[in-house]
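Single-structure report; data block below.
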Amino acid sequence: MNEIEKTPRSFRCLLVTGGAGFIGSAFIRYLFRQPEFTGRVVNYDALTYAGNLENVAGAVDESRYEFVRGDICDRDLVLRTCETFGVDGIVNFAAESHVDRSILGPGAFVQTNVMGTFSLLEVVRARPSIHFHHVSTDEVFGSLGPTGAFTEESPYQPNSPYSASKAASDHLVRAYAHTYGISTTLSNCSNNYGPYQFPEKLIPLMILNMLESKPLPVYGDGMNVRDWLFVDDHAEAIWMVLRSGKAGSTYNVGGRNEWPNLKLLEKLIEIVAEETGRSASALRDLITFVKDRPGHDRRYAVDASKIERELGFRPRHDIDSGLRETVRWYVANGGWIERVRSGAYRDWIEKNYGAR
Ligand code: NAD
Ligand code: TDX
């Protein structure tokens with residue numbers, strides 16, 4: 001049975017939290033390419049190490065765009081921002097997002113991912129005309145064996161501090177919709193890749209190391225499987241759910257695109273070799289097996305039938321076109337990489353946004 005909203009939601013002003021990060025910025029760039037979106041966007045971001053306003057520079061209509069530097073845990077500032085700009089929808093991307101960092105320091109993950117989501121939900125409870133979309137991950141469902149895929153009904157079995165904090169935030173969203181009747185939607189997406197991804201995550205890290213002939217660190221035996229989706233396809237899926245997803249519903253989002261890490265790396269090596277004229281065999285020699293990530297989930301795979309069936313979602317990029325576009329972007333954007341790596345983007349942020 002189709003469960004979509006009969007009339008798509010329309011928004012006068014969307015508060016996009018984490019809009020300076022990898023996926024949030026792709027979503028903002030995507031929104032400003034949609035003719036049917038004529039509203040305003042408030043990018044609300046604390047600008048942690050992962051937040052970079054360069055990611056949206058030049059891609060927004062300035063007359064319909066505002067930036068507010070703020071923490072999602074700061075309930076008063078979120079509420080004031082919503083009132084000042086007449087926000088009628090919140091899309092929550094803001095999070096600590098890197099599994100390895102969550103193993104080294106879980107506190108920030110509990111604070112932002114759990115307490116931050118709680119704070120946003122409290123704002124929506126106080127202003128129930130605001131629709132709340134929560135951006136989550138397939139990692140909340142835990143690790144799969146060799147077969148099967150996560151559906152919306154799969155049990156939550158998070159294994160890392162990151163996924164546990166995202167699972168907790170998902171539960172709060174569900175509870176607030178159920179208990180207080182606020183309007184929510186939620187999406188659980190697989191691994192994203194594409195331009196502007198911070199080079200701590202697998203694909204950009206590997207591309208940058210190849211460009212600098214540095215070792216390519218593969219955790220464990222390299223046979224952990226991830227389901228990869230190009231970031232603009234994720235942005236489109238969120239826009240579909242935001243507009244037409246049934247209130248109170250969750251949607252799994254994925255590319256039906258599973259790759260063991262080592263196979264993905266081999267493909268990436270071929271593309272980097274073709275795009276830069278480097279020798280593929282010399283790049284292969286850089287592969288270095290390193291100690292495994294503690295608690296490393298073996299396999300993720302998403303059954304995206306619900307969003308495909310109900311909302312007509314289809315990824316526009318396959319792995320070859322998506323990886324090639326990504327490699328070309330990193331090759332062409334040495335300035336962005338240099339500023340991210342040297343920390344120069346932080347100096348600019350502190351100069352312009354250091355004091356509120
Ligand atoms: P990211 O780390 O690139 O960006 C996170 C953004 O949130 C940054 O701009 C950061 O400054 C901001 N932020 C962090 N803490 C904040 C706080 N307390 N208040 C306000 N802003 C804060 O992350 P991403 O990869 O773009 O992920 C975005 C969302 O998508 C996250 O919720 C993540 O769990 C989810 N997700 C990511 C993936 C993936 O593959 N990257 C897949 C599925 C779901
Ligand atoms: O250097 C590396 N070597 C390596 O083998 C890194 C950084 C990763 N890996 C492996 C670990 C994973 O099996 O590659 C795979 C992908 O790793 P990450 O890019 O760290 O992603 P993952 O841990 O799968 O989580 C990502 O997808 C789901 C995002 O970081 C999350 O925010 C999202 O929710």
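FYI, it's all coordinate maths here, none of it is from the lab. Quick caveat, the model's predicted, so the values are computed rather than measured. Ideal geometry is used to build each Cβ from the backbone, glycine not excepted, and the neighbour counts take in all protein chains shown.
Annotations for the structure displayed:
- Checking the cross-link pairs Lys6/Lys201; Lys166/Lys351; Lys201/Lys246; Lys214/Lys263; Lys267/Lys291 against a 27 Å limit on the alpha carbon distance flags Lys6/Lys201; Lys166/Lys351; Lys201/Lys246 as lying beyond it.
- Excluding same-chain neighbours fewer than eight residues apart, the aspartates and glutamates reachable from Lys306 by a Cα-Cα span under 17 Å are Glu3, Glu5, Asp138, Glu152, Glu153, Asp227, Asp233, Glu236.
- Largest-first principal axis extents of the Cα set of the chain (Å): 58, 49, 40
- Highest average packing first - 161-167, 300-306, Cβ atoms within 10 Å: 161-167, 300-306
- Positive dipole terminus of the stretch 261-356, leading residue within Ile349, Leu311, Leu262 (C-beta point charges): Ile349
- Around Gln34: net Lys/Arg minus Asp/Glu count, Cβ-Cβ under 13 Å: 0
- Put simply, when 199-209, 175-185, 236-246, 280-290 are sorted by average Cβ atoms within 10 angstrom per residue, most first, you get 236-246, 199-209, 175-185, 280-290.
- Report note on the peptides 112-118, 266-272, 100-106: ranked by the mean count of other C-beta atoms within 10 Å, highest first, their order is 112-118, 266-272, 100-106.
- Evaluated with a Cβ-only charge set (Lys, Arg +1; Asp, Glu -1), the chain carries a dipole of roughly 360 debye about its Cα centre, given to the nearest 20.
- Relative to the current alpha-carbon distance between Lys351 and Arg324, full extension at 0.36 nm per residue lengthens the span by 6.2 nm.
- Compared with the direct C-alpha span, the chain from His98 to Arg12 gains 27.7 nm at full extension, assuming 0.36 nm per residue.
- Diffusion coefficient of the stretch 1-105 by Stokes-Einstein, Kirkwood radius over Cα pairs, 25 °C, 0.890 mPa s: 168 µm²/s.
- Fraction of antiparallel bridges per DSSP, the chain only, in percent to nearest 5: 10
- Ser213-Arg64 pseudo-label distance in nm [points 7 Å out on the Cα-to-Cβ vector]: 4.9
- Rg/Rh for the stretch 205-323 stands at 1.06; both radii use Cα atoms, and Rh follows the Kirkwood definition.
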